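Written below as structure tokens is the structure these notes are about.
The values are calculated or read from the model by the stated rules, or taken from the named source; none is laboratory data. None of the values given here were measured: they were computed from a predicted structure. Here Cβ is always computed from backbone atoms with ideal geometry, including for glycine, and neighbour counts include all displayed protein chains.
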Amino acid sequence: MPDSSRSTTRRSVLAAAVALAAGGAVAATAAASDRAPTARTTARSPSAKAPARRVDNRSWTSYADWSSGAHDGTRAVDGTRPGVEIGTPAGTVEYADPHTGKEANWEYAVWTSPAHKLSVPATEAIASWNARTPSGTWLQTELRATYSDGKRSPWYVLGRWTSGDDREGDTDAIRRTSVDGQKDGKSSVWTDTVSVDKPEKGLRLTAYELRLTLYRKPGSTATPRVWRLGAMGSDIPDRFTVPASEPGLAEELTVPRYSQNTHIGQYPEYDNGGEAWCSPTSSQMILEFWGRKPTAEQLAWVNPDFADPQVCHAARFTYDYQYEGCGNWPFNAAYAATYDDMQAVVTRLGSLTDLETLIAAGIPAITSQSFLEKELTGAGYGTAGHLMTVIGFTESGDVIANDPASKDNEAVRRVYKRREWENIWLRTKRYNADGKVVSGTGGVCYLYFPADPSAAQIAALRAVGVR
């Protein structure tokens with residue numbers, strides 16, 4: 001998300017958390033940051049009624065969904081996990097990888113969604129996808145918006161993505177990348193977000209189409225398969241503060257703890273090393289909560305002297321070569337969904353009541369927030385953008401978070417004051433350390449959950465607008 005002047009890329013606003021001092025990042029909030037996590041539930045009076053939802057989520061996941069789109073060389077595939085893949089390719093195209101300089105020909109096939117009318121005319125849209133791309137294959141996701149003035153945007157590229165890379169001998173792999181410089185005078189793409197340039201003038205996105213292009217080496221029979229494709233449109237009002245929600249749940253999920261700072265200086269080719277890895281570190285915590293982890297073979301590339309090699313692995317395979325960081329939201333979700341029977345989405349939530357709903361169903365969440373050190377008691381650092389894993393709530397309603405900006409794994413579990421935490425997460429405007437007005441993330445979060453969730457989990461996801 002750009003700052004209030006819309007003049008900088010999201011990288012400058014959503015950089016990974018940097019502690020003001022290494023020791024400051026572990027200043028204890030919690031009573032008990034070194035205590036083993038426990039799972040517990042205490043029923044209390046229901047939370048206050050949640051505010052009206054300002055987010056529209058639409059995902060294509062079923063065989064009927066995939067059959068409903070326009071196919072040009074693709075085919076819908078039925079089964080326990082329906083998807084779309086290459087059938088008979090529509091043609092061949094050359095792609096010059098901007099990050100390697102390699103030029104290669106690729107067979108391609110295209111699936112285009114029906115137009116989706118947004119229930120909430122939006123100022124922003126973020127796509128996310130779940131897929132597998134075997135060696136020698138990749139995909140591109142695009143979005144074309146319809147504006148409230150009746151005109152349409154160009155097709156915006158929101159990701160050129162592969163689950164592999166070219167660093168370990170896969171010479172057929174492209175490098176994952178967002179695409180800078182996309183705009184039409186009405187909206188712009190900021191890494192992974194389509195944003196109306198001047199929402200105060202009243203222009204909105206009223207509908208969108210998604211276009212998925214699947215690629216493979218000519219003559220190959222391999223194909224990407226996409227199981228989930230969707231976008232989140234939102235219109236979150238400008239606000240420095242948000243209404244306080246009332247506590248409604250006391251529960252804590254047992255989620256593994258990993259510190260990004262364990263990896264300081266490791267693999268600097270991925271955004272200078274672990275001090276910038278809040279997003280993949282958070283992703284890895286939740287994946288392991290769900291019982292998913294890279295194999296020993298997949299981790300063989302990591303220096304055996306490094307602790308928690310799976311965090312290094314997550315950083316490598318979420319890295320966006322254009323953004324030059326591991327914090328591309330959809331790339332993290334796509335990485336999570338490469339694990340067996342997992343799915344993932346990027347969305348916005350409206351209050352801590354939404355997070356309580358998810359936690360009660362056993363679904364932790366990764367949240368994005370930015371703040372000055374003084375705005376979050378006990379954090380010990382300030383940040384232009386940081387990801388944490390919310391794992392529960394205390395008896396008094398305070399937020400229990402696995403905060404990767406901690407000195408070591410034992411210090412990761414934190415308790416943050418409910419009112420402070422809710423505000424820094426949900427606001428869209430804030431003052432930075434120089435007193436300048438910049439953007440907040442407005443409730444962005446990643447949700448990772450099984451491909452076959454329980455009835456309670458389905459109900460909780462639907463309650464927060466995810467299907």
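Please tell me if S454 is among the hydroxyl-bearing types (S, T, Y), assigned by TED's automatic domain parsing to the domain that holds T338, over 19 Å from the mean Cα position of the chain (by Cα) and surrounded by 23 or more Cβ atoms within 10 Å (Cβ to Cβ). Let's see the steps before the verdict.
Details: among the hydroxyl-bearing types (S, T, Y): yes; assigned by TED's automatic domain parsing to the domain that holds T338: yes; over 19 Å from the mean Cα position of the chain (by Cα): yes; surrounded by 23 or more Cβ atoms within 10 Å (Cβ to Cβ): no.
Against the criterion (among the hydroxyl-bearing types (S, T, Y), assigned by TED's automatic domain parsing to the domain that holds T338, over 19 Å from the mean Cα position of the chain (by Cα) and surrounded by 23 or more Cβ atoms within 10 Å (Cβ to Cβ)), S454 does not qualify.
As an exercise: evaluate P114 against (1) of a type outside the set (D, E); (2) closer than 14 Å to M232 by Cα; (3) part of a loop (DSSP other than H, G, I, E, B) and give the number of the one condition it does not meet.
Unmet for P114, out of (1) of a type outside the set (D, E); (2) closer than 14 Å to M232 by Cα; (3) part of a loop (DSSP other than H, G, I, E, B): (2).
Could you pull out the residue among R467, R430 that is at pLDDT below 95 and not in a helix (DSSP H, G or I)? If you could, list the steps in order and put the result at the bottom.
Working: R430 fails: at pLDDT below 95.
Going through R467, R430 in turn, the sole match is R467.
With the structure loaded, tell me whether D192 is acidic (D, E), in contact with a Ser or Thr (Cβ under 9 Å, 6 or more places away or on another chain) and surrounded by fewer than 20 Cβ atoms within 10 Å (Cβ to Cβ) or whether it fails that test. Before the answer, list the steps.
On the way: acidic (D, E): yes; in contact with a Ser or Thr (Cβ under 9 Å, 6 or more places away or on another chain): yes; surrounded by fewer than 20 Cβ atoms within 10 Å (Cβ to Cβ): no.
Here the answer is no, as D192 does not meet what is asked.
Considering every residue within region 356-364, establish whether at least one is outside any helix (DSSP H, G or I) and surrounded by 23 or more Cβ atoms within 10 Å (Cβ to Cβ).
Yes, the conditions are met somewhere in region 356-364.
Taking the options T137, T191, T213, T146, name whichever one is outside the structural domain of A337 (by TED's automatic domain parsing) and within 17 Å of K102 (Cβ to Cβ).
Details: T191 fails: within 17 Å of K102 (Cβ to Cβ); T213 fails: within 17 Å of K102 (Cβ to Cβ); T146 fails: within 17 Å of K102 (Cβ to Cβ).
On inspection, the qualifying residue turns out to be T137.
Check region 375-382 and report whether any residue there is part of a strand (DSSP E or B), crowded, with 23+ Cβ neighbours inside 10 Å, at pLDDT 95 or above and in the same structural domain as L253 (by TED's automatic domain parsing).
No: zero hits.
Scan region 250-269 and give yes if some residue there is small (G, A, S), crowded, with 24+ Cβ neighbours inside 10 Å and part of a helix (DSSP H, G or I), otherwise no. Even if it seems obvious, please write down each step before you answer.
In the first step, residues of region 250-269 are kept if they are small (G, A, S); the result is 250, 259, 265.
With the extra rule that they be crowded, with 24+ Cβ neighbours inside 10 Å, the set shrinks to 259.
Narrowing the set further to residues that are part of a helix (DSSP H, G or I) leaves none.
Within region 250-269, not a single residue is small (G, A, S), crowded, with 24+ Cβ neighbours inside 10 Å and part of a helix (DSSP H, G or I).
Name the single residue that is surrounded by the most Cβ atoms within 10 Å (Cβ to Cβ) among those in region 271-308 being over 18 Å from S163 (Cα atoms) and without any contact (Cβ under 8 Å) to a residue 40 or more places away in the chain.
Applying the filter and picking the extreme gives G273.
Taking the stated definitions as given, is T221 free of Cβ contacts under 8 Å to residues at least 24 places away in the same chain and in the same structural domain as V77 (by TED's automatic domain parsing)? Talk me through it step by step, then tell me what you get.
Values: free of Cβ contacts under 8 Å to residues at least 24 places away in the same chain: yes; in the same structural domain as V77 (by TED's automatic domain parsing): yes.
Against the criterion (free of Cβ contacts under 8 Å to residues at least 24 places away in the same chain and in the same structural domain as V77 (by TED's automatic domain parsing)), T221 qualifies.
Every residue in region 451-464 that is assigned to a helix (DSSP H, G or I) and either on the phi > 0 side of the Ramachandran plot or of a type outside the set (S, T, N, Q) (or both), please. Before you say what the answer is, go through the steps one by one.
The initial filter retains those residues of region 451-464 that are assigned to a helix (DSSP H, G or I), namely 455-463.
Hits for region 451-464 are A455, A456, I458, A459, A460, L461, R462, A463.
Being touching a residue at least 60 places away in the same chain (Cβ under 8 Å), within 30 Å of T353 (Cβ to Cβ) and out of contact with any Phe, Trp or Tyr (no Cβ under 6 Å at 6 or more places or on another chain) is the requirement here; does V110 meet it? Explain how you work it out, then say what you get.
Values: touching a residue at least 60 places away in the same chain (Cβ under 8 Å): yes; within 30 Å of T353 (Cβ to Cβ): no; out of contact with any Phe, Trp or Tyr (no Cβ under 6 Å at 6 or more places or on another chain): yes.
It is false that V110 is touching a residue at least 60 places away in the same chain (Cβ under 8 Å), within 30 Å of T353 (Cβ to Cβ) and out of contact with any Phe, Trp or Tyr (no Cβ under 6 Å at 6 or more places or on another chain).
Any residue in region 85-104 that is under 27 Å from Y448 (Cα atoms) and assigned to a strand (DSSP E or B)? Show your work before the answer.
Step one: of region 85-104, the residues under 27 Å from Y448 (Cα atoms) are 85-86.
After this cut, where a residue has to be assigned to a strand (DSSP E or B) as well, the list is 85-86.
The answer is yes; a qualifying residue exists.
Restricting attention to region 433-450, report how many residues are in a loop (DSSP other than H, G, I, E, B) and either buried (at least 16 other Cβ atoms within 10 Å of the Cβ) or among the acidic types (D, E) (or both). If you could, list the steps in order and put the result at the bottom.
At the first step, the residues of region 433-450 found to be in a loop (DSSP other than H, G, I, E, B) are 433-436, 440-443.
Still in the list and also either buried (at least 16 other Cβ atoms within 10 Å of the Cβ) or among the acidic types (D, E) (or both): 434, 440-443.
Qualifying residue count for the region: 5.
Among the residues of region 338-355, which ones are within 16 Å of E288 (Cβ to Cβ) and crowded, with 23+ Cβ neighbours inside 10 Å? Explain how you work it out, then say what you get.
Our first condition is that a residue be within 16 Å of E288 (Cβ to Cβ); within region 338-355, this holds for 338-342, 344.
Answer for region 338-355, where residues must be within 16 Å of E288 (Cβ to Cβ) and crowded, with 23+ Cβ neighbours inside 10 Å: just A344.
Could you check region 67-84 and list, in sequence order, the residues that are in a strand (DSSP E or B) and farther than 13 Å from T213 by Cα?
Looking only at region 67-84, we keep the residues that are in a strand (DSSP E or B), and these are 70-77, 83-84.
Across region 67-84, the qualifying residues are A76, V77, G83.
Determine the pairs where a residue that is touching a residue at least 12 places away in the same chain (Cβ under 8 Å) and in the same structural domain as V412 (by TED's automatic domain parsing), located within region 241-270, has a partner that is among the aromatic types (F, W, Y) and assigned to a helix (DSSP H, G or I) with Cβ atoms under 8 Å apart, the partner being 6 or more residues away or on another chain.
Cβ pairs passing all conditions: L253/F289; T254/F289; V255/F289; P256/F289.
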